[in-house]
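Notes follow once the structure below has been shown.
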Amino acid sequence: MKHSPVKSSPPAIDLEDYNLFRRCLIQYGESELFTDTEEWLSHDNPYRRTLRPHVFKHLDYSRPLRREDLLTYNSLSANRTLLTIYEQDFVLLPDRDFEAKQTDFKEFYSNRSIALGAVVRPWLERYLFSFLDKEISITGGWTADTLKAYFQDFADSLRRSASNKAMEAILASSNREHAARTFLIQLAGDFLLEASAMGRNILGHYGPLQSELFKIVIDEYGYGVHETKHSTLFRKVLSAGGLAQTPHAYWQFYLTSSLLVNNYYNWLGRDHTKFFRYLGAIFQAETTFIHSCARMAEMMRAVFGREVDVRYFTEHVHIDHHHSRMVFEKLIAPALATHGEGIIPEILRGFEEAALLGQLAEQDFCDQVSWSDDNQALKALHPPIHAKILSGELQPSRQQFIEPRGELSVTHVHDGDELCHINSGVMHFVTGHERHTVLNAGEGIVIRRNRLHGAIIDSEQCTYTIHSIGDHRKCLSSASTHAL
Amino acid sequence: MPVFGFDPRSVNYMEADGNRYFLLSLEGKAPLLVRDECPHRGGPLHLGQLDVAAEELHCPWHCQRIALRHLRRSAMPLIVRRDSAVVVLPGAGDVPVRAQRRVLLAVPPAQQRCEGN
């Protein structure tokens, strides 16, 4: 006798229940690992990463993010949390002093945290990635030949164009070393765990494709020779830039878009219904990387000197020629032959999504470099705007804070422009790793929307006021609105 | 095969290798780049009328009814992003592509039915 599945009523767990997700998210955050920290860097402890969980109860993830809102605080928080959940799948060990970190180790991989993360993860994925469906449409009768022509055209276009906006932003920055370090920090989130997301597709049983993907993974892992493993090579790049080399030392300085890109590859690797999408995404990444790594090596030499160790980048200029070819000839083409041309839209979707996210991340990085460089100019905007507030011409909502020496505001972003005014004391307003603007009593600064920043108090006490001014340009115009 | 990039906000019609194409945008659906020639006598389908309810496009010459599912099946391979699009057209790679913006009548909500056949 055949037994048909009978649905439990009510279900044991209703995974579509937003309130269940919300409760699980708040409970997920109830861990010492994720609370605010008094230090900017995480010192060789891959389990501790501040998520600002006290804010979770105020965040709304019930509706998917729109592209316009990709860099908001909600998005930053969702991305930090999602990456943490993904990385609970990976083995992470500190370089030293494991014994002192054993409690954190056990907590990070605890059943409690893993189970809560399993409920939270799909909601955050839906929240963060649904916008891609609206941004890209793929229609028409795609065939293996048209796909090949399109990919060939893409590869040719990369060979023709030598421009790289991120590298240009670094070289044009008023503090090139800082801009270059900020860039390396963005890469470090992914590169120190390089190919871990790819490794998610290694297990299983899927014929010759599996062996072909494995060959690429073998390259990434340096054929088992630790000195040639790509993440080891990247540690040397970090060292050349004067940066710490342990995973997520600079957790607080990852831009929202850098986290988003990292999460994207984990999303595709973790959800095996997106296997073909993953193939398109890695074809895009491997092909683009040939050229961008050449530009990155040039930038590193220009900023840190000719002797700097850039083998990570030169290795990719070489090996990604092979990987690009291997992904197309040994993975995509055989997949089409075996599984039919019906998988082409998914392959193209992965390719297009990876390209779009790369562009968004590049722009976000360039904007952050400008933001850091422009801090003195933004400080100079404080007096005229604050004068309008004092005169009553502007009436923005405000919040006052009183904080003691050493109080650290974990890096975050605001969804609109804000004016920070120091009532008394001294604040170091932080716009990146080891970069800050000193704000004394009576001074202040315009905080641009979506720009990552933090602060630390450098006096016995500091009282400051945050005015939510919306758009600082409107505040400066003569016809500024009264109630903001 | 020519791989042709264009801005879908300013281009909705193109010609290449003796063939004509236009961008068919249906409400709530992904845009399609379809052949402009009616399979009956080659009438300009971009000047036809859409019957959204019947899922048909009516050719302006003889009111030939063409099912949208047929247009969907025979549409050109197309990717549309927010401000750019790319299509792979049939023919040799160096075939020139002439892109234009034209008045399209085959757009919703034009749903007037043609009389006769």
Within the stretch B:1-30, residues facing another protein chain (nearest Cβ under 10 Å), closer than 21 Å to residue B:67 by Cβ and open to solvent by less than 30 Å² (accessible area, probe 1.4 Å) come out as B:24
Is it true that residue A:48 is farther than 25 Å from residue A:416 by Cα, open to solvent by 70 Å² or more (accessible area, probe 1.4 Å) and in a helix (DSSP H, G or I)?
no
Being within 22 Å of the chain's Cα centre (by Cα), away from every other protein chain (no Cβ under 14 Å), surrounded by fewer than 21 Cβ atoms within 10 Å (Cβ to Cβ) and among the β-branched types (Val, Ile, Thr) is the requirement here; does residue A:81 meet it?
no
If residue A:242 satisfies every condition in (1) within 28 Å of residue A:85 (Cα to Cα); (2) open to solvent by 40 Å² or more (accessible area, probe 1.4 Å); (3) assigned to a loop (DSSP other than H, G, I, E, B) but one, which is the exception?
(1)
In the stretch A:320-356, anything in contact with a helix residue (DSSP H, G or I) (Cβ under 8 Å, 6 or more places away or on another chain) and acidic (Asp, Glu) is listed as A:320, A:341, A:346, A:352, A:353
Under 9 Å between Cβ atoms, which residue pairs at least 6 apart in sequence (or on different chains) link something in the stretch A:26-52 that is under 21 Å from residue A:432 (Cβ atoms) and assigned by TED's automatic domain parsing to the domain that holds residue A:407 with a partner that is at pLDDT 95 or above and surrounded by fewer than 16 Cβ atoms within 10 Å (Cβ to Cβ)?
none
Restricting to the stretch B:36-56, name every residue that is surrounded by fewer than 18 Cβ atoms within 10 Å (Cβ to Cβ) and out of contact with any His (no Cβ under 8 Å at 6 or more places or on another chain).
B:37, B:39, B:42, B:47, B:52, B:53, B:54, B:55
What are the pairs, 6+ residues apart or on separate chains, where a residue within the stretch A:2-20 that is at pLDDT 90 or above and of a type in the set (Phe, Trp, Tyr) has its Cβ under 9 Å from a residue that is part of a helix (DSSP H, G or I) and open to solvent by less than 100 Å² (accessible area, probe 1.4 Å)?
A:18/A:123
Could you look through the stretch B:63-82, keep only residues that are over 21 Å from residue B:103 (Cβ atoms) and over 15 Å from the mean Cα position of the chain (by Cα), and pick out the one that is least open to solvent (accessible area, probe 1.4 Å)?
B:81
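Looking only at the stretch A:449-469, count every residue that is small (Gly, Ala, Ser) and under 18 Å from residue A:380 (Cα atoms) and tell me the total. Before you say what the answer is, go through the steps one by one.
We begin by selecting, within the stretch A:449-469, every residue small (Gly, Ala, Ser); these are A:454-455, A:459, A:468.
In the following step, the residues that additionally are under 18 Å from residue A:380 (Cα atoms) were identified as A:468.
Matching residues across the stretch A:449-469 total 1.
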Suppose we keep only residues that are out of contact with any strand residue (DSSP E or B) (no Cβ under 9 Å at 6 or more places or on another chain) and aliphatic (A, V, I, L, M) within the stretch A:119-151. Which one would you say is farthest from the other protein chains (Cβ to nearest Cβ)?
A:119
Select from the stretch A:164-200 the residues that are within 23 Å of the chain's Cα centre (by Cα) and not in a helix (DSSP H, G or I) and write down the one among them that is modelled with the lowest pLDDT.
A:194
Tally the residues that are in contact with a strand residue (DSSP E or B) (Cβ under 8 Å, 6 or more places away or on another chain) and either part of a strand (DSSP E or B) or facing chain A (nearest Cβ under 7 Å) (or both), restricting the search to the stretch B:82-97.
5
Cβ-Cβ under 7 Å, sequence separation 6+ or interchain: first residue in the stretch B:1-23 and within 22 Å of residue B:48 (Cβ to Cβ), partner small (Gly, Ala, Ser) and part of a loop (DSSP other than H, G, I, E, B). Which pairs?
B:16/B:91
Can you go through A:436, A:414, A:428 and tell me which one is in a strand (DSSP E or B) and open to solvent by less than 60 Å² (accessible area, probe 1.4 Å)?
A:428
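The values are calculated or read from the model by the stated rules, or taken from the named source; none is laboratory data. Predicted, not measured: the structure shown is a model, and the values here were computed from it. Using ideal geometry, Cβ is built from the backbone for each residue, glycine included, and neighbour counts are taken over all protein chains shown. Accessible surface areas use protein heavy atoms only, side chains included; no ligands, DNA or RNA. Shrake-Rupley method; radii C 1.70, N 1.55, O 1.52, S 1.80 Å.
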